[in-house]
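Computed from the coordinates by the stated procedures, all read-outs in this text should not be read as laboratory data. Fair warning: this is a prediction, and the values are worked out from it, not measured in the lab. Heads up, the Cβs are rebuilt from the backbone with ideal geometry, glycines too, and the neighbour counts pull from every protein chain shown.
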Number of protein chains: 4
Amino acid sequence: MYTTETRIRVRYAETDQMGVVYHGNYFAFFEAGRGEFIREFGFSYADMEKQGLLLFIVDVHCKYIRPARYDDLITIRTSLKELPIHHKVEFYSDVLSEQGELLASGKVVLYCMDAANMKRSTLPEPFLEKLRPHFEQTNN
Amino acid sequence: MYTTETRIRVRYAETDQMGVVYHGNYFAFFEAGRGEFIREFGFSYADMEKQGLLLFIVDVHCKYIRPARYDDLITIRTSLKELPIHHKVEFYSDVLSEQGELLASGKVVLYCMDAANMKRSTLPEPFLEKLRPHFEQTNN
Amino acid sequence: MYTTETRIRVRYAETDQMGVVYHGNYFAFFEAGRGEFIREFGFSYADMEKQGLLLFIVDVHCKYIRPARYDDLITIRTSLKELPIHHKVEFYSDVLSEQGELLASGKVVLYCMDAANMKRSTLPEPFLEKLRPHFEQTNN
Amino acid sequence: MYTTETRIRVRYAETDQMGVVYHGNYFAFFEAGRGEFIREFGFSYADMEKQGLLLFIVDVHCKYIRPARYDDLITIRTSLKELPIHHKVEFYSDVLSEQGELLASGKVVLYCMDAANMKRSTLPEPFLEKLRPHFEQTNN
């Protein structure tokens, strides 16, 4: 398992009239967290896409525990629990308040596709290479 | 079970650079579908809220099968499979293309709360009364 | 001048914690209105884009008079005041409440570009042909 | 004049199928910039609202020069050119690329309202007090 953290300041645009973050907006927070996860390994999803790889979202889930509110400085804790050896990549995301309370917990399943032929692919080998050591450790 | 249908024209604002509807935006489509579901019974969620009832989102799920694209005229098929006798309300949403293909399938779980004391509540009795016959029928 | 009308039901997702539609979301309403404007002439912006034409947004303005709220059934009145003979297209958008009150008034300036060479272009001739009679009349 | 800077990483959610940030989303960037502007003086708009002050958006404008794209690390440069002595507050926002190029330039006009009676108000005196020195200098 490998985990990274991203901090996000909640925007007014992201709230709804209940005075909380609209539930659908958490998926953009998760996405920001995945972007930072990839960047922490020296890659970027923007570059992967330019090189012909697409990560399609195939399944999402989110459980809401406590509301995030405008101006809150939340933390997105993004985890990969298993090394994605095939085309399937599963990211787990926890949203935490500044006080460390769990606000929401989600999971996003992506399929790695080769844009050239729209066939399933694995993540780029150089990225997998950097991920591998972190998962070997947990297998000891 | 009771099902209603809502048609939505996909906006450019809802697409992302992959040329498809951004996954997080489906939850606003589901929400529009729930609004129409309630309206079909002569009620509105806007009025319920004014009368002190809140429907909190506690859990969402969505499975993406085929992408919806800009300008597509999609149908949101919103179903209540069980009569919500307690505070929990579960809506199922299917997104269909104009050709009737299933694009995405989701579920949203809401808790009915009394805004005055923030305690769990049931749906308003007049609304439940109108729902009941549709669920009694299926129990015969 | 030619004007079309589009009706939109305000979504919860589009509100903010002030209980009104977030100001940035009006531009998606205007966009929906422009899409319907084009469709009313038997064309679609989706098709234009597939045929290699891009409409870039270069300038927007919006004045907010009265707030639109959740579940409001608003009307977007989209007008072209001048026939766009060059690359520049200017759409005017008024947002009206169900009672006909003016809620907001905006203007969006777009540049028509040829995607192949990224040079400025005019609108497709078949579309201009259908627009022309409506503007000739006003010049009499 | 007083200017603050906020850095924002563009999300995939904010792009559209043209591969650029959707024009309506710049207003959420400007809003994030205004929030940081206020915070730099030791206040927060969230607190102001809790204390009964509302800042209504009455007019916005944006000119788009070069597109911002997914994963870009943009800078929002937020300026107050005049001390808001009455209810009207005008914020100017420039969006800059990581290389310092101007991507977009906007202006947002807000009216300060007392939530209790919905009458026009000034900004809170303690905030104005901190702003004043920065504007007195420019009047010398």
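Taking C:M118, C:M48, C:M18 in turn, the Gaussian network model of chain C (Cα-Cα springs below 10 Å) assigns the largest fluctuation to C:M18. Over segment C:2-139, the fraction of Cα-Cα pairs per 10 Å bin, rounded to whole percents and listed from the shortest bin up, is 12, 41, 31, 15, 2.
Starting from the label point of A:E5 at 7 Å along Cα→Cβ, the same points in the other copies fall at 2.6, 5.0, 5.5 nm, in ascending order.
Under 5 Å from the amide H of C:A115 lie the amide H atoms of C:L53, C:L54, each residue being 5 or more positions distant or on a separate chain, with H modelled from the backbone and absent for Pro and chain starts.
With contacts taken as Cα pairs under 8 Å at a separation of at least 6 residues, chain B carries a relative contact order of 29 percent. Ranked from shortest, the separations from the 7 Å Cα-to-Cβ label point of D:D114 to its equivalents in the other copies are 3.6, 6.2, 7.0 nm. Distance between the C-alpha centers of segment C:27-41 and segment D:49-84? Whole Å please. Taking the Cα centre of segment D:49-84 as reference, the centre of segment C:27-41 is 26 Å away. Ignoring lysines fewer than eight residues from C:K88 along the same chain, the ones with Cα atoms less than 26 angstrom from its Cα are C:K50, C:K63, C:K107, C:K119, C:K130, D:K63, D:K107.
In order along segment D:15-20, the Karplus-derived 3J(HN,Hα) couplings, from 6.51 cos²θ - 1.76 cosθ + 1.60 at θ = phi - 60°, round to 7, 10, 5, 7, x, 10 Hz, and Gly and Pro are given as x.
Indicate the gyration tensor shape class of the protein assembly as shown (rounded, prolate or oblate), computed on the Cα atoms with a ≥ b ≥ c the square roots of the eigenvalues: a/c under 1.5 is rounded; otherwise a/b larger than b/c is prolate and the rest oblate. Because its axes are fairly even, with a/c under 1.5, the protein assembly as shown counts as rounded. Taking the Cα centre of segment A:2-139 as reference, the dipole from Cβ charges on Lys and Arg (+1) and Asp and Glu (-1) amounts to some 160 debye.
Along segment D:95-110 the Karplus relation, 6.51 cos²θ - 1.76 cosθ + 1.60 evaluated at θ = phi - 60°, assigns HN-Hα couplings of 10, 10, 6, 4, 8, x, 6, 7, 9, 7, 9, x, 9, 10, 9, 10 Hz to successive residues, with x for each Gly and Pro. Compute the angle between helix A:125-139 and the longest alpha-carbon principal axis of chain A, please, reported from 0 to 90 degrees and rounded to the nearest 10. So the inclination is approximately 70 degrees.
Computed from backbone phi with θ = phi - 60° and the Karplus coefficients 6.51, -1.76 and 1.60, the 3J(HN,Hα) list for segment B:86-94 is 9, 6, 8, 10, 10, 9, 10, 10, 10 Hz; x is used for glycine and proline. Build a GNM of chain B with springs between Cα atoms under 10 Å apart, and of B:K63, B:K81, B:K50 the one that fluctuates most is B:K50. Label point of D:P133 (7 Å along Cα→beta-carbon): distances to the other copies' equivalent points are 4.9, 7.0, 7.3 nm, sorted ascending.
As an exercise, use a Förster radius of 51 Å and the Cβ-Cβ distance of B:E40 and C:K130 to find the FRET efficiency, rounded to the nearest 0.05.
Here the calculated transfer efficiency is 0.85.
Extension gain for A:A115 to A:K50 (0.36 nm times residue separation, less C-alpha to C-alpha distance): 22.4 nm. Among the residues of B:53-59, the average count of other protein chain beta-carbon atoms within 10 Å of the residue beta-carbon is 4.
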